[in-house]
Amino acid sequence: MAGTCCCNKAKFDGLSKAYKTVLWIVIAVNATMFAVEMTAGIAAQSKALQADALDFLGDTATYGISLAVIGMAATVRARAALLKGISLSLMGAWVFGSTLYRVFVTGVPAAEIMGIVGVLALAANLFSVLLLMKWKDGDANVRSVWLCSRNDAIGNVAVLFAASGVWATNTGWPDLAVAGLMAGLFLWSSAQILRQARAELRACAAPSTASATAAE
């Protein structure tokens, strides 16, 4: 079978009609929220909202890749997870750089827009998290989906704190602080995905190496 590998201790690989249906739903939710939150983030001049919108975009791409490689060889799925981990690292680096740039730009984000959109995004992400909860401990490809969804929910709570801070202080510093924390979360999740994907690739390669040695 294409989805099998000689690896031991195989984890859930996404080969489930119910899981695929959930992925399609979550993809639609994330794509919609990216458009909504990025538009609101630009209008409100909020880096935290824009960072969270990018997380939605990253998740949409991540879920699409995850869906595409379901049923393929374990090494293909692990390499797809590696790609997603690298892209998450790049996203985190962009948010860090963008946040530093924002420090030197005048203007205070619109706290009201941040709060309203933050609540809407949190509701969308909690919905996605609840749908995916059942499959949070799958292989690297499946787990990357869970981690991205979890990041979104945490990010939305952070945006709400940022909105409160901006409103209370009438400065953009709470927004910048939250954007920086979210970038750190992206990088941490990326490290987790990359570590698990590399471990799965090594596990698949080890039996093949052993077989080749035995044949000699």
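Per-structure values
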| quantity | calculated |
| --- | --- |
| Selection within the stretch 54-88 - of a type in the set (Gly, Ala, Ser) and either over 19 Å from residue 24 (Cα atoms) or under 11 Å from the mean Cα position of the chain (by Cα) (or both) | 58, 61, 73, 74, 78, 85, 87 |
| Scope the stretch 152-172; condition under 25 Å from residue 187 (Cα atoms) and free of Cβ contacts under 8 Å to residues at least 40 places away in the same chain; matching residues | 153, 154, 157, 161, 165 |
| Qualifying residue in the stretch 63-81 (condition: among the polar types (S, T, N, Q), modelled with pLDDT under 80 and assigned to a helix (DSSP H, G or I)) | no |
| Residue in the stretch 41-59 that is part of a helix (DSSP H, G or I), touching a Lys or Arg at 6+ places or on another chain (Cβ under 8 Å), at pLDDT 80 or above and not acidic (Asp, Glu) present | yes |
| Selected residue (criterion: surrounded by the fewest Cβ atoms within 10 Å (Cβ to Cβ)) from residues of the stretch 159-192 that are at pLDDT below 80 and in contact with a Leu (Cβ under 7 Å, 6 or more places away or on another chain) | 189 |
| Verdict on residue 105 being outside any helix (DSSP H, G or I) and modelled with pLDDT under 85 | yes |
| Filtered residue count, the stretch 27-81, keeping only those that are within 25 Å of residue 199 (Cα to Cα) and aromatic (Phe, Trp, Tyr) | 1 |
| Single residue of 73, 51 found to be over 21 Å from residue 185 (Cβ atoms) and either hydrophobic (A, V, I, L, M, F, W, C) or touching a strand residue (DSSP E or B) at 6+ places or on another chain (Cβ under 9 Å) (or both) | 73 |
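The values are calculated or read from the model by the stated rules, or taken from the named source; none is laboratory data. Everything numeric in this text was worked out from a predicted model, so none of it was measured. Here Cβ is always computed from backbone atoms with ideal geometry, including for glycine, and neighbour counts include all displayed protein chains.
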